[in-house]
Every structure is written in C-alpha cells, then in structure tokens.
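Reviewing the structure listed below.
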Amino acid sequence: MRCVFSEAGKGRSGAGELLRFSLELGDGGSPLWGTLRRSARSKRIRLIVDERGLTVTAPRSFRFRRDLSALLEKHLAWILRSVDKVSVRAKEAGRYPLTLPSQIALPALEEAWRVELVPPEDIPARVGSRPTAKGSLLPPKGGVIRLSSDLSQTEALKALRNWLRLRAKEALPPLLLELAAEPGLSGPGSVARVFVKEMRSRWGSCSSRGNINLNARLLFLPPDLVRHVMLHELCHLAEMNHSAAFYARLNAVDPEAERHIAELRTAWRRVPSWAAEPLL
C-alpha cells in the first residue's frame, strides 16, 4: 500500500483544513481517493467510508505526512471491507459508488488529461465575462483539469461530467460538419443543427428536420468508430430508415461499416464508469 498526497489538493473550508490523498494498493486497480479533514473541533480520529469515498477527520495536531500512512495501514482491512459493503448497498439500490479518475483519455480526439485538485481559494470569481460558483470546475489548461479540493466526491464527478459535455460540444459538431462536406454525402437533406447530449442507449440520432444528436461519450471511442457513427447519422438525412437503400448509402461512404457496426455492439465497455453510471 502507498499513500500519495495531492499537494494541489490542499485547501480550507468552514470545517477546517482539507487535504486530498489517494491509496495505491498495488493490485493494478484504481486508487482509492480520500480526504483528510483537520480541525480544532476534532478531539479524536475518525474514519468514515460512504458513497463519497474515504474521509479521515483528525485534530490539528495530527501530522499527515508522519501519521496518515501508518493509520491507513493499520485499518486497511476495515477500509476495504467497508468499501465493499458500500458498493454492494449502492448496487442493490441501483446506484454505483464511483471513484474520481486521476487521468482521462479521450481516444476520439487523441487527447490525455490529468485531473488535479486545487485549493478552493484558487477558484476565480469570474472566468472571462462569466461568474463562477465556488468549487466549480476551472478552465482546462494544457491537458490539466483543475477541481476545487473541497468538493465532495459526487460534486467532483458532476464537474467532470460537465467538462466532458463541454469538450464534446467543442469538438464533435465541427467533426460532423467537416464530414458532411465530403463528396458522396450530399443528398436531399442537409444538417440543420447539431446537439451534444448524454444519451443512455444510442451513440447518435437524426430527426426528420435534419437535427443530429451526438452522444458526448463518443469521445471515449476510437476515431474510426466516431466517424462511422457520424456517417450513419448523415446517411439518415437522405434515408430516414434502416432500409436496404440506407445501408447501401452507408456502405458506399464507409466500406468497413459491417466491422464498425459489430464493434459498436460492445463499445460501451470503453466508457469509464465515472462517465457512464448515474450520479448520486
């Protein structure tokens, strides 16, 4: 077991000092994220495991670099049992406790992002002309997504989901419109508007008015599958059905359509849990 402290995750709240950390268990799985809260009001050390993750509350005299690793090592078996119990209860209730990722890969755009926690006082009051709420997601800079360290696990995950939608809205519509301009895709219809949504069961859809909806989670698919989904919806502008004429048109613009259709049947496995499961 190795405890990793997030220097960017230091901060303060009304409850005292906050410090984010992660537990790397050495089993190749995702790290377990936790929060240490030090406060003058705390008289003893408490460990809490719930659907937000692991929280350690301690007096101000608690020295995290010296004491936290030993404390977690001593109670590791209990922590892991508690995490399993919370997971079982959440699944039985139709909910899924999720972990905050430390890195995010977006194969569709060939991008890799790092998730960092920053003190809440570093959240600006405004970004450009827009006001920002305390604890909101900071604008991404150079492959780094910055979150306020006093967000709960669920709040942080919601912020990441919001970022994912914004990134998809920036990137996916231009890709689709670029494809629409390619030879062989002109037909009786044209693209009216492009919307990006979080759809539960479809990668895309097309309406009779020429509006095309794209799933924000397309960002987790490889470029060839994203292109296939977009070509599929563009072909619906001419054929609003799944007739032989539709598939003839699709195969003409995507010679590997059959393979892509087969790969899409299991493509949901490529979407990480934090971006796929309902949030609490």
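The values are calculated or read from the model by the stated rules, or taken from the named source; none is laboratory data. Only a predicted model underlies this, so the values are computations on that prediction, with no experimental measurement involved. Don't worry about glycine lacking a Cβ; one is built from the backbone with ideal geometry, like all the others, and counts go over all protein chains shown.
The criterion of being β-branched (Val, Ile, Thr), modelled with pLDDT of 85 or more and not assigned by TED's automatic domain parsing to the domain that holds LEU221 holds for ILE145. Could you please let me know if VAL191 is modelled with pLDDT of 95 or more and either of a type in the set (Val, Ile, Thr) or surrounded by fewer than 21 Cβ atoms within 10 Å (Cβ to Cβ) (or both)? No.
In region 68-82, the residues that are among the hydroxyl-bearing types (Ser, Thr, Tyr) form Cβ pairs under 7 Å with partners that are modelled with pLDDT under 90, at six or more places apart or across chains, as follows: SER69/CYS3; SER82/VAL49.
Total residues in region 205-230 satisfying the condition of being surrounded by fewer than 22 Cβ atoms within 10 Å (Cβ to Cβ) and more than 17 Å from LEU109 (Cβ to Cβ): the figure is 8. On inspection, LEU68 qualifies as of a type outside the set (Lys, Arg) and either at pLDDT below 65 or touching a strand residue (DSSP E or B) at 6+ places or on another chain (Cβ under 7 Å) (or both).
For region 150-208, the set of residues classified as under 15 Å from the mean Cα position of the chain (by Cα) and among the acidic types (Asp, Glu) consists of GLU155, GLU198, listed by residue number.
Could you please let me know if GLU233 is out of contact with any Asp or Glu (no Cβ under 7 Å at 6 or more places or on another chain) and either surrounded by fewer than 17 Cβ atoms within 10 Å (Cβ to Cβ) or of a type in the set (S, T, N, Q) (or both)? No; evaluated as a whole, the condition is false for this residue.
Meeting the requirement of 1 or more residues that are in contact with a strand residue (DSSP E or B) (Cβ under 9 Å, 6 or more places away or on another chain) and touching a residue at least 12 places away in the same chain (Cβ under 8 Å), the helices (runs of 4 or more DSSP H) wholly within region 183-280 are 223-235, 273-276. Screening THR57 on (1) more than 23 Å from VAL115 (Cα to Cα); (2) exposed (fewer than 12 other Cβ atoms within 10 Å of the Cβ) shows it passes everything except condition (2).
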